[in-house]
Amino acid sequence: MRLPDQVTGLFLVGLGAAAAYGGWLLPPVPGQPVGPNIFPLVIGSGLALCGLAIALGIGRTFEEEEEIVPLEAGQARPPTGRLYGLRALLPPALLLFYVAVADRLGFIITAALIVFVTSSALGARWKLSLPLAVMAPIFIHLIFSKLLRVPLPAGLLPMPW
Amino acid sequence: MLNTLIEAFALISTWEVIIAMLAASVYGLVIGSLPGLSATMATALLVPVTFYLSPIAAIATIVAASTMAIFSGDIPGALLRIPGTPASAAYADEAYAMTRKGEAELALGAGVWFSAVGGIAGTLSLMILAPPLAEIALSFSTFEYFWLAFLGLMCATLVARSSPVKAIAGMFIGLLVACIGIENPGGVPRFTFGMTNLFGGIEPIPALVGVFAVAQVMRAMLTPEPPPIPKRKFGSIMAGQWRLTKKYRWQMTRGNIIGIIIGVLPGAGADMAAWVSYAMSKRFSKEPEKFGTGHVEGLVEAGASNNASIASGWVPSLLFGIPGDTIAAIAIGVLYMKGLNPGPTLFTEKASSMYAIYLMFIIANIIMIPLGIVMIRLATYVLRAPRSSVMPFIMLCCAVGSFAIGNNMFGVVTVAAFGIIGYVMEANGYPVAAMVLGIVMGTMIEQSFVTSLIKSDGSVLPFFERPISAILAALAIGALIWPVLIWGWRRLKAASPAAAPR
C-alpha cells in the first residue's frame, strides 16, 4: 500500500492544521499565559510543516530504496490484485470481531474462530488449522486465565477450571 | 554498598524471580529467532504478564527476554539470511555467507559469545555511569528535562534509516496521540471527541503491541512464506571463540564502546548500534575486501555492539524516564507500573532494586551462553514451524494481552487501530519507532514544556540561560539541523563530481 508522497504529505498537512485549530479552541487556564492549548498548537503546526515538506519531496534522497529480495527457485510469486491487498486488513478486523462478540460467545469459541481464520489465511491446510484452533485457545486460556487471573469472558463454553 | 549488594542478591534469589527469568529467556530466544517477530514485539507482548508479577520479577522478565531476543535474532540471519530482529539486519548477509562457506558454527558461536561479552560490558557501563549522572541530574529543572526529552526525540529521528522529514513527522504524530485525554495542564478533555474511553488517553503499551505485532501479522498476510530451513547437524559451537576474542580484542572493545554510547543516547538503540559498528569495523579493518564474503570480523564487532546497547539503554530510562530505544520505552512503562518511577532519586532510595537490575543483566548474559547453544541446536526445528501456526498465537496474545492491561475491551480496539496506523506508516516509509517514542514521551515533554513556560512567564529566553540547559539545547538544535547540513553537503558534492571520488 505505497501511496504517493504528495498524498500522505497533504494528509499530514490537514491533520496538523486540524490539531492546531483544535488546540486553539481549547479554553485557557485563567491567570496563566499558557495552558492545554499551546502544545497541540506547536505540534500541529510542526506536523503541517513536515507534511508540506514531504509533499514537496524534501528529504527523499535520504530514503533507502526498498530492497527487493530475489525470488528463489521454486518460490511462488505472490498473486497481485486489488482484492489481494485487502487481506492485510484481516488481522485488525479479527481483533474488532473479538471485541464485538467475545462477551457473548466466550473466549474459547471466539479465539478458536480467530485462530482458524488467521492460519487458513496464511495458507495452512485444515489438517493444521483445525487442531490449532482447538489447542491454541485452551493453551492461552490456561496461561492468562488460570495463571495470571485475567477475567476472560466464559460465554457459551466455560472451561472446567 | 556491600549491604545493598547483599540485599539485591536476596531480592533476586527467590523462586519467582528465577522461574520468571528462565521462562522469559526461553520465550525471548524463541520469539527473537522467528523471522519477523522482533525483540520489541517480544517485550511488548510480555507486558501484560508482568502485571501479575512482583516488581523485581517483572523487570527480570523484561531484561531476560530483551537480552535473549537480540542475540537470537542472529540465528535465522545466519541460517536463512532473514534477520530475526532488526538489530541483526546489519550483518545477516555476512553471517549467511559464512554459513554457505560451512562456517555456521563459527558465525553462530560468535553471535552468542560476543553478545554475552557485549551485554556484560553494557551492564558495567550502566553501573559506572548511572550513579554520577544521577548526581548531576538531581540539579535538573524542567528546562533541562524539556531539552533532554527533545534531544531524545531528535536522536530517534536521526537514526531512523529513512527520510528525516518523515521521521520528524512520525514523531509529531506520536506527540499528537499523546495529546489525547484529560491529562494535560488544564485538565480539560482534549481531542476526545466526547468518547469516555479516550479520556484516559492512549496507553503506550497497546499502541506498541499494535504497531509492532498486529502490523507484522498484517504484513505476513501479503508476503510469501520464507523458505524452509535445511536440516543440518552442528559441530562444536564455542570452539574457536576464545581465539577470535584474542585476535579481535580491539574490534570487540570498540564494538562495546560504540554500543554503550549509542545505547546511552536517548532514542537510539540496538539496530543503530549494529549498523554503526559493522560500518566502523569495515572502515578500520586491515582486510576490508573480505567483508561480505563470510568474514567474521564485522560479526564480532557488531554483535558486541548491539547487546552492549541494550544494557546501557537503561541509563537514560532509569535516570530521566527517557527511553534509549523502543524496548527501554516498554521497560519504563513497567517501572512506573511497579512503583519504581524513573528519576535520579531512584539510585538513593531504591538502591537495592538498582543493584538487582544490574545483577539480573549480568546473570541474563551469562545464562545466555548455555541457553543460546541449546537454542542454536534446536533452531532447525523451531524455524521449521510454519508461519501459519505462529501468527495465530500472536493474534491471541494481542487480543488477550491488550485486554488484560486495563481489563477493558477498548485496549483491543486501540491495538487494532494502531496495527493499521503502523502498517500504513511503515509501507510509506514513515518510521514507526519515532512515533512510538513520541507517544511514550509526549506527556513528559508537554509537562516540562508548559511548566517551564509558566515559570518563565511565557518567555523563551530562560530555556537557554542555565548552563546545562544551553548545552542540551545546542545539541538538540544541532540534531535538528544536521540533516539539512548533510543535504547541503551532498548538493555541493553533486555539483563538483570530479572532486569526490567515492
Check your understanding: How many residues, within segment B:265-284, are buried (at least 17 other Cβ atoms within 10 Å of the Cβ) and either part of a helix (DSSP H, G or I) or touching a Lys or Arg at 6+ places or on another chain (Cβ under 9 Å) (or both)?
Key -> 12
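Taking the residues in segment A:81-129 that are outside any helix (DSSP H, G or I) and more than 18 Å from the chain's Cα centre (by Cα) as candidates, determine which candidate is surrounded by the fewest Cβ atoms within 10 Å (Cβ to Cβ).
Here is the first cut: in segment A:81-129, the ones outside any helix (DSSP H, G or I) are A:81, A:106, A:122-125.
Then keep just the ones that are more than 18 Å from the chain's Cα centre (by Cα); that gives A:81, A:106, A:123-125.
Working: A:Gly81: 8, A:Gly106: 20, A:Gly123: 14, A:Ala124: 22, A:Arg125: 10.
Here the answer is A:Gly81.
Of all residues in segment B:170-202 being outside any loop (DSSP other than H, G, I, E, B), under 18 Å from B:Leu453 (Cβ atoms) and not charged (D, E, K, R), which is farthest from the other protein chains (Cβ to nearest Cβ)? If you could, list the steps in order and put the result at the bottom.
To start, the set of residues in segment B:170-202 that are outside any loop (DSSP other than H, G, I, E, B) comprises B:170-179, B:181, B:190, B:196-198.
Still in the list and also under 18 Å from B:Leu453 (Cβ atoms): B:175, B:178-179, B:190.
Imposing the further condition that a residue be not charged (D, E, K, R) reduces the set to B:175, B:178-179.
Numbers: B:Leu175: 5, B:Ala178: 9, B:Cys179: 5 Å.
Among residues in segment B:170-202 that are outside any loop (DSSP other than H, G, I, E, B), under 18 Å from B:Leu453 (Cβ atoms) and not charged (D, E, K, R), the one farthest from the other protein chains (Cβ to nearest Cβ) is B:Ala178.
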Exercise for review: State yes or no: is B:Gly77 buried (at least 21 other Cβ atoms within 10 Å of the Cβ) and at pLDDT below 85?
Suggested key: yes
Review point. Would you say B:Arg232 is touching a helix residue (DSSP H, G or I) at 6+ places or on another chain (Cβ under 7 Å), among the basic types (Lys, Arg) and in a helix (DSSP H, G or I)?
Key: no
**Study point:** Single condition A:Lys127 does not satisfy, out of (1) closer than 30 Å to B:Pro226 by Cβ; (2) not assigned by TED's automatic domain parsing to the domain that holds A:Gly106
**Key:** (2)
Review point. In this structure, does B:Ile477 turn out to be in contact (Cβ under 8 Å) with a residue 24 or more places away in the chain, out of contact with any His (no Cβ under 7 Å at 6 or more places or on another chain), surrounded by fewer than 22 Cβ atoms within 10 Å (Cβ to Cβ) and of a type outside the set (Ser, Thr, Tyr)?
Key: no
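One line per residue, one yes/no per condition, for (1) out of contact with any Gly (no Cβ under 7 Å at 6 or more places or on another chain); (2) over 30 Å from B:Thr451 (Cβ atoms):
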residue	(1), (2)
B:Thr67	no, yes
B:Gly73	no, yes
B:Pro76	no, yes
B:Ile82	yes, yes
B:Asp93	no, yes
B:Gly118	no, yes
B:Ala121	yes, yes
B:Leu126	yes, no
Review point. When segment B:367-393 is examined, which residues are found to be more than 14 Å from chain A (Cβ to nearest Cβ), at pLDDT below 85 and assigned to a helix (DSSP H, G or I)?
Key: B:Ala379, B:Thr380, B:Tyr381, B:Val382
Practice item. State yes or no: is B:Ala433 under 20 Å from the mean Cα position of the chain (by Cα) and of a type outside the set (D, E, K, R)? Key: yes
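Quick check on segment A:136-156: of everything there that is more than 10 Å from every other protein chain (Cβ to nearest Cβ) and at pLDDT 85 or above, which residue is farthest from B:Leu46 (Cα to Cα)? Reasoning before the result, please.
Let us first name the residues in segment A:136-156 that are more than 10 Å from every other protein chain (Cβ to nearest Cβ), namely A:138, A:142, A:146, A:154-156.
Filter once more, so that each one left must be at pLDDT 85 or above: A:138, A:142.
Details: A:Ile138: 19, A:Leu142: 16 Å.
Looking at the filtered set, the residue picked out is A:Ile138.
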Review point. Would you say A:Gly14 is under 22 Å from the mean Cα position of the chain (by Cα), more than 10 Å from chain B (Cβ to nearest Cβ), modelled with pLDDT of 75 or more and more than 30 Å from A:Gly123 (Cα to Cα)?
Key: yes
Practice item. Check whether at least one residue in segment B:448-458 is in contact (Cβ under 8 Å) with a residue 12 or more places away in the chain, under 25 Å from A:Leu148 (Cβ atoms), touching a helix residue (DSSP H, G or I) at 6+ places or on another chain (Cβ under 7 Å) and buried (at least 21 other Cβ atoms within 10 Å of the Cβ), and report yes or no. Key: no
Review point. For B:Ala64, which of the numbered conditions (1) closer than 16 Å to B:Gly84 by Cβ; (2) modelled with pLDDT of 90 or more fails to hold?
Key: (1)
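So which residues in segment A:17-43 are at the interface with chain B (Cβ under 7 Å from one of its Cβ atoms) and over 25 Å from B:Ala215 (Cβ atoms), if there are any at all?
Within segment A:17-43, the first condition is being at the interface with chain B (Cβ under 7 Å from one of its Cβ atoms), and the residues that meet it are A:19, A:22, A:26-27, A:29, A:32-36, A:38-40, A:43.
Across segment A:17-43, the qualifying residues are A:Gly22, A:Leu26, A:Pro27, A:Val29, A:Gln32, A:Pro33, A:Val34, A:Gly35, A:Pro36, A:Ile38, A:Phe39, A:Pro40.
Do any helices (runs of 4 or more DSSP H) lying entirely in segment B:60-159 carry at least 1 residues that are under 14 Å from B:Ala302 (Cα atoms), and which ones are they? Show your work before the answer.
Details: elements: B:74-80, B:92-100, B:104-137, B:142-159.
Passing ranges, in order: B:74-80, B:92-100, B:104-137.
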Check your understanding: If you go through segment B:287-308 one residue at a time, how many are at pLDDT 85 or above and out of contact with any Ser or Thr (no Cβ under 9 Å at 6 or more places or on another chain)?
Key -> 1
Check your understanding: With respect to B:Met444, is the statement that it is within 25 Å of B:Ala220 (Cα to Cα), more than 7 Å from every other protein chain (Cβ to nearest Cβ) and surrounded by fewer than 23 Cβ atoms within 10 Å (Cβ to Cβ) true?
Key -> no
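Taking the stated definitions as given, is B:Leu222 surrounded by fewer than 21 Cβ atoms within 10 Å (Cβ to Cβ), at the interface with another protein chain (Cβ under 9 Å from one of its Cβ atoms), within 30 Å of B:Tyr423 (Cα to Cα) and not charged (D, E, K, R)? Let's see the steps before the verdict.
Details: surrounded by fewer than 21 Cβ atoms within 10 Å (Cβ to Cβ): yes; at the interface with another protein chain (Cβ under 9 Å from one of its Cβ atoms): yes; within 30 Å of B:Tyr423 (Cα to Cα): yes; not charged (D, E, K, R): yes.
In short, yes.
Can you go through B:Ile173, B:Ile128 and tell me which one is touching a Leu at 6+ places or on another chain (Cβ under 8 Å), among the β-branched types (Val, Ile, Thr) and at pLDDT 85 or above? Step through it out loud before you land on a result.
Details: B:Ile128 fails: touching a Leu at 6+ places or on another chain (Cβ under 8 Å).
B:Ile173 is the lone residue from the list that is touching a Leu at 6+ places or on another chain (Cβ under 8 Å), among the β-branched types (Val, Ile, Thr) and at pLDDT 85 or above.
From the list B:Ile322, B:Ile262, B:Ile258, exactly one residue is under 16 Å from B:Ala90 (Cα atoms) and either outside any helix (DSSP H, G or I) or under 14 Å from the mean Cα position of the chain (by Cα) (or both). Which is it? Steps first, please.
On the way: B:Ile322 fails: under 16 Å from B:Ala90 (Cα atoms); B:Ile258 fails: either outside any helix (DSSP H, G or I) or under 14 Å from the mean Cα position of the chain (by Cα) (or both).
Of the residues listed, the single one that is under 16 Å from B:Ala90 (Cα atoms) and either outside any helix (DSSP H, G or I) or under 14 Å from the mean Cα position of the chain (by Cα) (or both) is B:Ile262.
On the given criteria, is B:Phe347 at the interface with chain A (Cβ under 9 Å from one of its Cβ atoms) and assigned to a helix (DSSP H, G or I)?
Working: at the interface with chain A (Cβ under 9 Å from one of its Cβ atoms): no; assigned to a helix (DSSP H, G or I): yes.
In short, no.
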Review point. Of the residues B:Pro189, B:Pro185, B:Pro83, which single one is without any contact (Cβ under 8 Å) to a residue 12 or more places away in the chain and more than 29 Å from B:Ala356 (Cα to Cα)?
Key: B:Pro189
Study note, to complete from the structure: Residues in segment A:10-19 that are buried (at least 23 other Cβ atoms within 10 Å of the Cβ) and closer than 25 Å to B:Arg219 by Cα total 1
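The values are calculated or read from the model by the stated rules, or taken from the named source; none is laboratory data. Note that the coordinates shown come from a computational prediction; the quantities given were computed from them, not determined experimentally. When we count neighbours, we look across all protein chains shown, and the Cβ atoms used for this are built from the backbone with ideal geometry, even at glycine.
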